[in-house]
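Engineer: Next up is a structure, given as structure tokens.
The values are calculated or read from the model by the stated rules, or taken from the named source; none is laboratory data. Everything numeric here is computed off the predicted structure, so don't read it as measured data. Here the Cβ positions follow ideal geometry from the backbone for every residue, glycine too, while neighbour counts run over all protein chains shown. Areas reflect the complete protein model, heavy atoms only, side chains present, ligands, DNA and RNA absent. Shrake-Rupley method; radii C 1.70, N 1.55, O 1.52, S 1.80 Å.
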Amino acid sequence: MLTCNLDELRSRGIYFIDSWQSNRVAVVSGGFAAEALKLPIFGKKLLPCVIDLAKLKRSLQAVKNKDLAVLSSRVKIFGTDGVRGVVSLERPSAGSNFLQLFSLSHKLTPELVRNTARSFAASLLLSGSAKKGDTILVGEDGRDYYDGKPFKSALIDGLRLGGFEVADAGVIATPGLPVIMAVKKYKAAAMLTASHNPSNQNGVKFFVEGLKVLPEGVCGDYAITAGVYGLLFGLEGGVKPPPRGRALYESGTIYSEVTAKAVPFKEGLKGLELIFDPANGAGTVFGKRIFRALHIKAKCVNDDPRGYNINQGGGVALLEGVEKFEYSESQKHLPQAVKELIADNIAYGLVLDGDGDRCYLLANNSLRKAVYVINGDKLSFLIARYLKASVPEGIFINTVESDLMAALSAEKELGLKTRLACIGDKWVVKALRDGEKLLVGAEESGHIIVPVKAGGKTVYCGNGVFTGLLALSLIKRYGCTMKEVCSPYEEGFQKTFYTYLVDKTLFQRGSAVFDSDREIAAAEFKRVKKAAGFEGELHETVFEDDPDMLYLALKAGKHNETVGAIFARNSGTENKTGVYVRGAPDLSGLLLKLAFKLVENHRFCLKDKNNPDTALEKEALRLLSAGHGLKAADLKHACKSNEAHLKAFFYGLAKEYPEYKTEIMKTVS
């Protein structure tokens, strides 16, 4: 006997789709759908969600707990940090819709933005987080440069259709929104941005009570996704309002003043010279304003934001995975900020991403004739070292992506309590337990959370300019040497390998590729561990907040400590799947052998055959491997793409195949 029927489920905001690829909503209780409806969980108080029946079928075979199988089969249009995709103004073809454009081609359309915003508005009302007529704050990072700002208009349109007024902060760094929310007492906000992603992509981040939404809950990713399906297939009515909001002219002033005020030991920063690279993004104007307020002499590069050039030519994304730039390297291919540091003999540089929530520090070590990249792990450790006295019980939280030695050093050298979280600043905040105080929330990517007071509230959000200046003020105040800045702790081994242009649905717990990764890693570990002199074991850990991450820890020693790890997961911000290795330096050989096996498996199994760029990549690799070089004009003609799309393609190609990076960068320039 059926526990319930499809009509009843839809009335509760629960939808069955045949698969994420085709995205057809089941309307008849036949076949496997009828079997699924017998599962007890559907008779319980299950929150709105969308169930992928193809994934559920696989999960029921792989997972013993039936409830967990259902929960792991829910789909969401959200990644690690909001909804993101390749911008597209095309209308869906007959028989298709904007959700299918997103699931099949990862295309972000104004229709998707509008309906996601409207669903978010409905979730606010349903949860009681806000009431009709309240004002929601919106901002953007400037990349919606098309005539009429179709994505910004769609965002505001959806919120107003949902019954809210809108205060428009204009172009502003993402951390500006939670700061303004605290000061102006706004309950919710939405930021139009794709953060560090190339300019051909855009997205939306949602905030409730100053924090980014999580997957679970009435205002969560799954429920908002279900609301989008309800709007598309239920065709709920509503008169379309004018797509505009009330301009909040003081937004930039509020954000800049709160940020400048939060920086300690300001006297030590007066007259400081530095290089500032805001990645042609939203942090450009505000960074300069804050520097002026603190009497800092900043020489700026990549500070001409035009939307289409965001994250191009500089920014944090260009520095990821780089330890240092030697003076002896060819000047032609050095990032502009590095060139300026060397040319002007300036000690430090601050580098942001497009929406200004991330920061790397550049340290010009003239004795070693190199400019060092001080990533999020190192910056966080430096900040924690000098802030711990002011937050005695503060906890140091970092993510699985971080250097394992960062947390170990924070425990042993600084005496701090540490905790590991999933990738994403929202998980760092969630890992904080009741009664605990956050000292530093660290992400290797430069997304660092140090609590800031604003409007009588504590704001938890990565703020690139603030964390960079906080680190510099502490370095100056406590006389930290250049050697200590470049090597604040004994670093571990870490490498990340990305496979781009993937079909991410192929990699999830219970899928063939996921299971084969586990088997391949176990077999390779058994084969090489004796030769590597490792006496420990490989142990799988399942993270509740990211169940589709395969995390294999190398355990050893009397206390069975984690001394290394290899893990694989889909990126929540880009169309890629990563293999990460982290551990003690003496385990580098072992970890790399495991990683190479998984990367090989991903390149063979995960490439999206429906993506035209996959064929383009194959042709580019053929030319590169034959030593013919690349001709941008020929490739542009082949893929019929605009310049922004082609640059994004080259960006991914260079990241995935670093052996060809120099040749690829020649093509881009």
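Engineer: Residues of the stretch 302-323 being open to solvent by less than 10 Å² (accessible area, probe 1.4 Å) and in a loop (DSSP other than H, G, I, E, B), which ones?
Structural biologist: The answer is GLY307, ILE310, GLY314, GLY315, LEU319.
Engineer: Name the residue that is modelled with the highest pLDDT, counting only residues in the stretch 3-34 that are assigned to a loop (DSSP other than H, G, I, E, B) and among the β-branched types (Val, Ile, Thr). Spell out how you get there, then give the answer.
Structural biologist: If we filter the stretch 3-34 for residues that are assigned to a loop (DSSP other than H, G, I, E, B), which is where we start, we get 3-5, 12-13, 18-24, 26-30.
If we keep only those that are among the β-branched types (Val, Ile, Thr) as well, we get 3, 27-28.
Numbers: THR3: 57, VAL27: 72, VAL28: 65.
So the residue we want is VAL27.
Engineer: Identify, from the list LYS38, LYS55, the residue that is under 27 Å from the mean Cα position of the chain (by Cα) and either surrounded by fewer than 16 Cβ atoms within 10 Å (Cβ to Cβ) or outside any strand (DSSP E or B) (or both). Step through it out loud before you land on a result.
Structural biologist: Numbers: LYS38 fails: under 27 Å from the mean Cα position of the chain (by Cα).
Exactly one of LYS38, LYS55 is under 27 Å from the mean Cα position of the chain (by Cα) and either surrounded by fewer than 16 Cβ atoms within 10 Å (Cβ to Cβ) or outside any strand (DSSP E or B) (or both), namely LYS55.
Engineer: On to the next question. LEU538 is checked against (1) outside any strand (DSSP E or B); (2) in contact with a helix residue (DSSP H, G or I) (Cβ under 6 Å, 6 or more places away or on another chain); (3) surrounded by fewer than 21 Cβ atoms within 10 Å (Cβ to Cβ) and fails just one. What number does that condition carry?
Structural biologist: With (1) outside any strand (DSSP E or B); (2) in contact with a helix residue (DSSP H, G or I) (Cβ under 6 Å, 6 or more places away or on another chain); (3) surrounded by fewer than 21 Cβ atoms within 10 Å (Cβ to Cβ) applied to LEU538, the lone miss is (1).
Listed here are the residues, each with its yes/no results for (1) modelled with pLDDT of 95 or more; (2) touching a Ser or Thr at 6+ places or on another chain (Cβ under 9 Å); (3) open to solvent by 20 Å² or more (accessible area, probe 1.4 Å); (4) of a type in the set (Lys, Arg).
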site	(1), (2), (3), (4)
THR225	yes, yes, no, no
LEU232	no, no, yes, no
PRO243	no, yes, yes, no
ALA247	no, no, yes, no
SER256	yes, no, no, no
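Engineer: Check every one of the strands (runs of 3 or more DSSP E) wholly within the stretch 126-200 and list those with 1 or more residues that are open to solvent by 10 Å² or more (accessible area, probe 1.4 Å). Break it down into steps so the answer makes sense when it comes.
Structural biologist: Details: elements: 135-140, 165-171, 188-192.
It comes to 135-140, 165-171.
Engineer: Go through the stretch 456-496 residue by residue and tally those that are within 30 Å of ASN570 (Cβ to Cβ), of a type in the set (Gly, Ala, Ser) and in a loop (DSSP other than H, G, I, E, B).
Structural biologist: 2
Engineer: Okay, next question. Has the stretch 497-520 got any residue that is part of a loop (DSSP other than H, G, I, E, B), at positive phi, in contact with a helix residue (DSSP H, G or I) (Cβ under 6 Å, 6 or more places away or on another chain) and not polar (S, T, N, Q)?
Structural biologist: Going through the stretch 497-520, the residues part of a loop (DSSP other than H, G, I, E, B) turn out to be 501, 503, 507-511.
Filter once more, keeping what is at positive phi: 501, 510.
Adding the requirement that they be in contact with a helix residue (DSSP H, G or I) (Cβ under 6 Å, 6 or more places away or on another chain) leaves 501, 510.
Now restrict to residues that are not polar (S, T, N, Q): 501, 510.
Yes, the stretch 497-520 contains at least one residue that is part of a loop (DSSP other than H, G, I, E, B), at positive phi, in contact with a helix residue (DSSP H, G or I) (Cβ under 6 Å, 6 or more places away or on another chain) and not polar (S, T, N, Q).
Engineer: From THR458, THR467, which residue is touching a strand residue (DSSP E or B) at 6+ places or on another chain (Cβ under 8 Å), surrounded by fewer than 17 Cβ atoms within 10 Å (Cβ to Cβ) and either within 17 Å of GLU257 (Cα to Cα) or not hydrophobic (A, V, I, L, M, F, W, C) (or both)? Reasoning before the result, please.
Structural biologist: Numbers: THR467 fails: surrounded by fewer than 17 Cβ atoms within 10 Å (Cβ to Cβ).
Within the list THR458, THR467, the selection yields THR458.
Engineer: Also, I was wondering about something else. Within the stretch 369-385, is there a residue that is open to solvent by 30 Å² or more (accessible area, probe 1.4 Å), touching a residue at least 12 places away in the same chain (Cβ under 8 Å) and out of contact with any Cys (no Cβ under 6 Å at 6 or more places or on another chain)?
Structural biologist: Just the residues of the stretch 369-385 that are open to solvent by 30 Å² or more (accessible area, probe 1.4 Å), to begin with: 369, 385.
Still in the running and touching a residue at least 12 places away in the same chain (Cβ under 8 Å): 369, 385.
If we keep only those that are out of contact with any Cys (no Cβ under 6 Å at 6 or more places or on another chain) as well, we get 369, 385.
Checking the stretch 369-385: at least one residue is open to solvent by 30 Å² or more (accessible area, probe 1.4 Å), touching a residue at least 12 places away in the same chain (Cβ under 8 Å) and out of contact with any Cys (no Cβ under 6 Å at 6 or more places or on another chain).
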